[in-house]
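Heads up, the thing below is written out as structure tokens.
The values are calculated or read from the model by the stated rules, or taken from the named source; none is laboratory data. Treat the numbers as computed from the prediction; the structure is a model and nothing was measured. All Cβ positions, glycine included, derive from the backbone under ideal geometry; neighbour counts span all protein chains shown. Heavy atoms of the whole protein, side chains included, go into the accessibility calculation; ligands, DNA and RNA do not. Shrake-Rupley method; radii C 1.70, N 1.55, O 1.52, S 1.80 Å.
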Amino acid sequence: MSMYFDLGDETLWNPSNGAGRLFMRQVEVFEAELGLPSGIGQGRYWRDPDVLEVDPVAYAEFVRGLVVWHRETRHSVILTLSEGFAATAVALARRAGIEVEMPAAGAGDVWGGVRRDVQVPGDVRASSAAVVDALDARAREVDRWMAR
């Protein structure tokens, strides 16, 4: 069995049920963390839980917020935990035709410059630009693995 992530009549991604369920559970985590709806949910096939519709407007805002959040964190464990999800979310957005700009360091800080998590001891992670470059490369790699 598998799941379908659709935009209209186009299937953007057709993962196994296990991968699809794990992705959706992570979507819920990041919706709560970002305070943004993902735009992914039951659509015209509401009776089939394995078919999900992607609302491109809401999903674009969600993924752009996720990328900024990911870029702005300086906590190595948080970056490690979030990178795979963020890369998958970016790859799915690109398949939906959503432009996901990889922002420059310090641009568009939606969190008001307040650091919510601090790495102790010190900032052991690379610069914001390196974080964004790594995310972009990972998203391109993930896109090659995602079945349609």
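Leaving out ligands and nucleic acids, and using a 1.4 Å probe, what accessible area per residue does the range 1-96 come to in Å²? Could the numbers behind the result be given before it?
Details: 4310 Å² over 96 residues.
Counting only protein heavy atoms, the per-residue value for the range 1-96 is 45 Å².
Using R₀ = 25 Å, calculate the FRET efficiency as 1/(1 + (r/R₀)^6) where r is the Cβ-Cβ separation of Arg140 and Arg47; round to 0.05. Don't skip to the end; give the middle numbers.
Working: r = 35 Å, r/R0 = 1.41.
About 0.10, to the nearest 0.05.
Taking the mean number of other Cβ atoms within 10 Å as a proxy for protection, how do you rank 86-92, 5-11, 63-69 from highest to lowest?
Top to bottom by mean Cβ count within 10 Å: 86-92, 63-69, 5-11.
Between Asn14 and Val29, with labels modelled 7 Å along Cα→Cβ, what's the label distance in nm to one decimal, could you check?
Result for the modelled spin labels: 2.8 nm.
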